[in-house]
1. Are any residues in the stretch 46-74 buried (at least 17 other Cβ atoms within 10 Å of the Cβ), near the ligand (Cβ under 8 Å from one of its atoms) and small (Gly, Ala, Ser), and if so, which ones?
2. When both residues are 6+ apart or on different chains and their Cβ atoms are under 9 Å apart, which pairs have a first residue that lies in the stretch 49-61 and is on the phi > 0 side of the Ramachandran plot, and a second that is surrounded by fewer than 18 Cβ atoms within 10 Å (Cβ to Cβ)?
3. Residues in the stretch 75-104 that are of a type in the set (Asp, Glu) and within 13 Å of the ligand (Cβ to nearest atom): how many?
4. Is there a residue being away from the ligand (no atom under 13 Å from the Cβ) and of a type in the set (Gly, Ala, Ser) anywhere in the stretch 16-27?
5. State the number of residues belonging to the stretch 115-161 that are of a type in the set (Gly, Ala, Ser) and touching a Lys or Arg at 6+ places or on another chain (Cβ under 9 Å).
6. Does residue 43 satisfy being touching a Cys at 6+ places or on another chain (Cβ under 9 Å), at pLDDT 95 or above and within 12 Å of the ligand (Cβ to nearest atom)?
7. What tally of residues in the stretch 105-142 results from selecting those that are surrounded by fewer than 16 Cβ atoms within 10 Å (Cβ to Cβ), near the ligand (Cβ under 10 Å from one of its atoms) and not in a loop (DSSP other than H, G, I, E, B)?
8. Please count how many residues of the stretch 5-21 are assigned to a loop (DSSP other than H, G, I, E, B) and either surrounded by fewer than 10 Cβ atoms within 10 Å (Cβ to Cβ) or touching a residue at least 40 places away in the same chain (Cβ under 8 Å) (or both).
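The values are calculated or read from the model by the stated rules, or taken from the named source; none is laboratory data. Everything numeric here is computed off the predicted structure, so don't read it as measured data. In this analysis, Cβ positions are derived from the backbone assuming ideal geometry, glycine residues included, and neighbour counts consider all displayed protein chains.
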Amino acid sequence: MKVISYSGSIEVYTHYNQLNDPNAIQLCKDSIEAMADAYAPYSNFQVGSAIRLDNGTIVKGNNQENAVYPLGLCAERVALYASSSQYPDNQITHLAVATAKKLADGETPPFPCGSCRQVLLEMEQRFGQDITIYVVGGNDSVWVVHSAKDLLPFAFSKDSL
Ligand code: THU
């Protein structure tokens with residue numbers, strides 16, 4: 001028997017304005033802005049996402065629901081698929097995701113779901129580029145993860161096939 005340890009790290013800022021990169025601050029704002037156009041009449045839980053590409057292009061997305069509940073899609077995947085369909089030759093370098101849920105002291109904001117983590121990982125592999133993920137909470141705090149790999153250890157990927 002052997003034990004395999006794994007770890008990752010997340011940076012936490014009380015306000016996204018504290019990020020020392022103007023592009024990162026703008027991306028967080030873009031994700032908050034994208035929330036307003038979510039179509040979420042069933043959950044009433046709006047999520048916004050904004051992606052930055054290697055050429056500086058910003059692609060936004062938000063959650064899209066349906067009366068047939070399982071057909072809905074998360075904000076992150078709406079943005080990721082829009083990006084990879086419209087800009088197939090550009091690396092995705094950063095993704096911000098925002099929710100409005102008010103957070104109690106020390107509470108973690110809603111993080112990307114497992115399916116979105118899997119798609120983020122696919123995009124990292126496809127473009128050979130780690131994606132920095134900014135998770136923006138309802139109190140404007142931001143949690144920064146430097147790769148989807150940190151959110152999805154022991155993942156299934158093309159190397160598993
Ligand atoms: N949702 C997202 O957009 N992103 C996530 O990472 C988790 C959940 C959406 C899906 C659904 O429209 C609503 O939030 C409630 O689950």
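1. Correct list: 49 only.
2. Final answer for the pair search is 56/23.
3. Applying the first criterion (of a type in the set (Asp, Glu)) to the stretch 75-104 yields 76, 89.
Add one more test, that the residue is within 13 Å of the ligand (Cβ to nearest atom), and what stays is 76.
Residues that pass the stated criteria total 1.
4. Keep residues of the stretch 16-27 that are away from the ligand (no atom under 13 Å from the Cβ), which gives 16-27.
From the residues that got through so far, the ones that are of a type in the set (Gly, Ala, Ser) too are 24.
So far as the stretch 16-27 goes, yes, one or more of its residues are away from the ligand (no atom under 13 Å from the Cβ) and of a type in the set (Gly, Ala, Ser).
5. Keep residues of the stretch 115-161 that are of a type in the set (Gly, Ala, Ser), which gives 115, 128, 137-138, 141, 147-148, 155, 157, 160.
From the residues that got through so far, the ones that are touching a Lys or Arg at 6+ places or on another chain (Cβ under 9 Å) too are 115, 137-138, 148, 155.
Summing the residues that are of a type in the set (Gly, Ala, Ser) and touching a Lys or Arg at 6+ places or on another chain (Cβ under 9 Å) in the stretch 115-161 gives 5.
6. Values: touching a Cys at 6+ places or on another chain (Cβ under 9 Å): no; at pLDDT 95 or above: yes; within 12 Å of the ligand (Cβ to nearest atom): yes.
In short, no.
7. Matching residues across the stretch 105-142 total 2.
8. From the stretch 5-21, those assigned to a loop (DSSP other than H, G, I, E, B) are 5-10, 14-15, 19-21; that's our starting set.
Pick out the ones that are also either surrounded by fewer than 10 Cβ atoms within 10 Å (Cβ to Cβ) or touching a residue at least 40 places away in the same chain (Cβ under 8 Å) (or both) and you get 5-10, 14-15, 19-20.
The qualifying residues number 10.
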